[in-house]
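First the structure, in the form of structure tokens, and then the observations on it.
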Amino acid sequence: MKIEYEEINGILYPKLALPPQKEIHLTRFGKQRLQYLKQYRPLVYMNLLISGELNKHLQMIDDEANALYDRLIEQYKTKRNITEELKEKNQMKWVQEMNNIQNCVEEIVNNQLIYM
């Protein structure tokens, strides 16, 4: 591999370019993973970026996290008997229970996939 250089003010700088990457659309979990890698795991972030695997990695984490989130929400709703009937009878209780479930599931997803 031949590296080309560009001279600026008497100093040679290598002309480096990242491999082309396809555009992806991330949900909150993919964005959280990206932010975590940038802030707390800069070496992993740079290695993924330079190798061209960053978008693939983020998309995989995003898909896994969303699937886990949806599956756990449904399991918790079934386990705690949170139904549409409860929603009709007592909306505030339903909202409280759903918020509780969502917070628990988000913490699980974050610990298992995002912040690892």
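The values are calculated or read from the model by the stated rules, or taken from the named source; none is laboratory data. What you see is a predicted model, and the numbers here were worked out from it, not measured in a lab. Neighbour counts run over all protein chains shown; Cβ positions are idealised from the backbone, glycine included. These area figures cover heavy atoms from the full protein model, side chains too; ligands, DNA and RNA do not enter into them. Shrake-Rupley method; radii C 1.70, N 1.55, O 1.52, S 1.80 Å.
Numbers below:
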quantity	calculated
Yes/no for V109 being β-branched (V, I, T), touching a residue at least 40 places away in the same chain (Cβ under 8 Å) and out of contact with any strand residue (DSSP E or B) (no Cβ under 6 Å at 6 or more places or on another chain)	yes
Every pair of residues 6+ apart whose Cβ atoms lie under 8 Å, when the first sits in region 29-58 and is in contact (Cβ under 8 Å) with a residue 40 or more places away in the chain and under 28 Å from Q102 (Cβ atoms) while the second is surrounded by 13 or more Cβ atoms within 10 Å (Cβ to Cβ) and among the charged types (D, E, K, R)	F29/D62; R33/D62
Near pairs, Cβ below 7 angstrom, 6+ apart or cross-chain, from region 6-25 (surrounded by fewer than 10 Cβ atoms within 10 Å (Cβ to Cβ)) to any residue that is part of a loop (DSSP other than H, G, I, E, B)	E6/K15; P14/I3; K15/E4; P19/G52
Identity of the residue in region 26-62, open to solvent by 100 Å² or more (accessible area, probe 1.4 Å) and aliphatic (A, V, I, L, M), that ends up nearest to L113 (Cα to Cα)	L43
Failed condition for W94, given (1) touching a residue at least 12 places away in the same chain (Cβ under 8 Å); (2) open to solvent by less than 90 Å² (accessible area, probe 1.4 Å); (3) under 30 Å from L34 (Cα atoms)	(3)
